[in-house]
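As structure tokens, the structure follows; a few thoughts come after it.
Taken together, the values in this text are just the output of simple stated rules run on the coordinates, not laboratory data. Source: prediction; values computed, not measured. No Cβ is skipped: glycine too gets one built from the backbone with ideal geometry, and neighbour counts run over all protein chains shown.
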Amino acid sequence: MGAARGRGRRKAPRPAAGRAIDPAGILAKGEGASPPPGHRSGFVAIVGRPNVGKSTLLNRLLGQKLAIVTPKPGTTRRKLLGVCTRPGGQAVFFDTPGLERPDSRLGRFLLEEVKAAWAGADVVLFMTEGRDEGADLRALSLLEASRAPVFLLINKVDRLRRKEALLPLIGRYARAGGFEKVFPISALRGKGVEELLQALLARLPEGPRYFPEGVLTDASEGSLAAEFVREQVYRQLHREIPYAAAVRVVEMRRDPETDFLRIEAEIYVERKSQRGIVVGQGGARIKALGQAARREIERRLGEPVFLGLEVRVKPNWRQREAALRELGYAAE
Ligand SMILES: Nc1nc2c(ncn2[C@@H]2O[C@H](COP(=O)(O)OP(=O)(O)OP(=O)(O)O)[C@@H](O)[C@H]2O)c(=O)[nH]1
Ligand SMILES: [Mg+2]
């Protein structure tokens, strides 16, 4: 199969503020350094319909960019763990794919990812932009009734022209019932997020530090790099292309001579015509994608990288179990 290539490198970026570790590096439940008495900890699932701002909230809570964010719905495809450690407690968040009725095998996997995060949560954050409570409640009904307390987050309050608009909104959702607390927030601007975190930590059970201080996630550097490439596909390409695209890192190694980290990734699309669009005229699009993705990867890893991209065609991958597994969309 033909492949198109785009490459690029640039000067050293700022160092990353936190580090990602390999799953093998995680301490098993309860093995962390002994926490102070009264220490609280637990798992928190962030769920809600596509595009409401779940990934933006995760990044805001962590104080740095871990999850990819785009203006298009359907960006997140795997649950992503992010650890928030404070002196008195540790909240382990799961960002999840947008909650909606599946229309493909990929969609079924996305719903399973949400269910897995939901089932293991001590507290659930159900996020809405407050536009359509009927659609929110239908989405919520895709999940079983929660045993964990559910906090309702009304996000994007920075977009409300009048503050008074918030009250009836809160009233409508409160009547829908089942929410232990309601938090109006702006994940983008940070408004209300610290208050939310404090309320969350107070609501978590007493427990150990599951992750050592400084650990941010269990996602591998390779999977984060693949996500940053996919983010650019969502940002720079339109119509069906982002939804037909998947990214896989096939190689990550340090060049012994230059000490440069070399990342080779493949972008998969479903049709040859889509491949042409991703490559662009004279390779212009793939070059721009690669440059923007490389900058994000460098910021995350805290060092310059060499990013090689290839575009390949995998017909109908969203409907094929084996293809989904190959692309990392299968339960662990
Ligand atoms: N104005 C405003 N925009 C926001 C806020 N939070 C998120 N957004 C924007 O909403 C869009 C979607 O944000 P994401 O964080 O990707 O949303 P998501 O819920 O993770 O979306 P999926 O992964 O598709 O389910 C992006 O353009 C964000 O910048 C907010 O508080 N205010
Ligand atoms: Mg998301």
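If you restrict to DSSP beta bridges whose two residues both lie in region 34-211, what percentage is antiparallel, to the nearest 5? Intermediate values should be presented prior to the final figure.
Values: 9 of 30 bridges.
Of all bridge pairs located within region 34-211, approximately 30 percent are antiparallel.
Which residue fluctuates most in the GNM of the chain (Cα springs below 10 Å): GLY190, GLY290, GLY89?
GLY190
With a cut-off of 8 Å between alpha carbons and a minimum separation of six or more residues, what is the relative contact order of region 34-211 in percent? Working shown, then result.
Working: 342 pairs, mean separation 52.0, N = 178.
Reported as a whole number, the value is 29 percent.
What does the charge add up to near PRO73, with Lys and Arg as +1, Asp and Glu as -1, over the other residues with Cβ less than 10 Å from its Cβ? Don't skip to the end; give the middle numbers.
Details: positive: ARG49, LYS72; negative: GLU100.
Local net charge: +1.
So, counting K/R as plus one and D/E as minus one, what does the shell of residues with Cβ under 15 Å around VAL124 add up to?
Details: positive: ARG49, LYS54, LYS79, LYS115, ARG147, LYS181, ARG203; negative: ASP95, GLU113, ASP122, ASP136, GLU144, GLU180.
Taking every Cβ under 15 Å from that of VAL124, the sum is +1.
How far is helix 284-301 tilted off the main Cα axis of the chain, in degrees rounded to 10, range 0 to 90?
Orientation of helix 284-301: about 50 degrees from the principal axis.
Could you tell me how many degrees, from 0 to 90 and to the nearest 10, lie between the Cα long axis of helix 166-176 and the main elongation axis, the longest principal axis, of the Cα atoms of the chain?
Between the helix axis and the principal axis of the chain, the angle is about 80 degrees.
Any idea what angle helix 221-236 forms with the longest principal axis of the chain, computed on alpha-carbon atoms, 0 to 90 degrees, nearest 10?
Rounded to the nearest ten degrees, it is 90.
What value does region 34-211 have for Rg/Rh, both radii from Cα atoms and Rh as Kirkwood defines it? Each step should come with its number before you reach the end.
On the way: Rg = 15.5 Å, Rh = 16.3 Å.
Using only Cα positions, Rg/Rh for region 34-211 is 0.95.
Quick check on the chain: of the DSSP beta bridges with both residues there, what percent are antiparallel, nearest 5%?
Numbers: 22 of 54 bridges.
Roughly 40 percent of the DSSP beta bridges within the chain come out antiparallel.
Skipping prolines and chain starts, which residues have an amide H placed within reach, meaning under 5 Å, of the one on LEU153, given they are 5 or more residues away or on another chain?
For LEU153, the qualifying residues are PHE126, MET127, THR128, PHE183.
Quick one: P(r) of the chain from all Cα-Cα pairs, 10 Å bins, percents rounded to integers, in order of increasing distance.
Distribution as computed: 6, 25, 32, 25, 11, 2, 0 percent.
If packing is taken as the mean number of other Cβ atoms within 10 Å per residue, what is the order of 269-279, 159-169, highest first?
Taking the mean over residues of other Cβ atoms within 10 Å, the ranking is 269-279, 159-169.
Pairs LYS72/LYS191; LYS272/LYS314; LYS287/LYS314; LYS65/LYS163; LYS54/LYS79; LYS156/LYS191: which exceed 19 Å Cα-Cα?
Working: LYS72/LYS191 23 Å; LYS272/LYS314 9 Å; LYS287/LYS314 21 Å; LYS65/LYS163 29 Å; LYS54/LYS79 11 Å; LYS156/LYS191 9 Å.
Result: LYS72/LYS191; LYS287/LYS314; LYS65/LYS163 exceed 19 Å.
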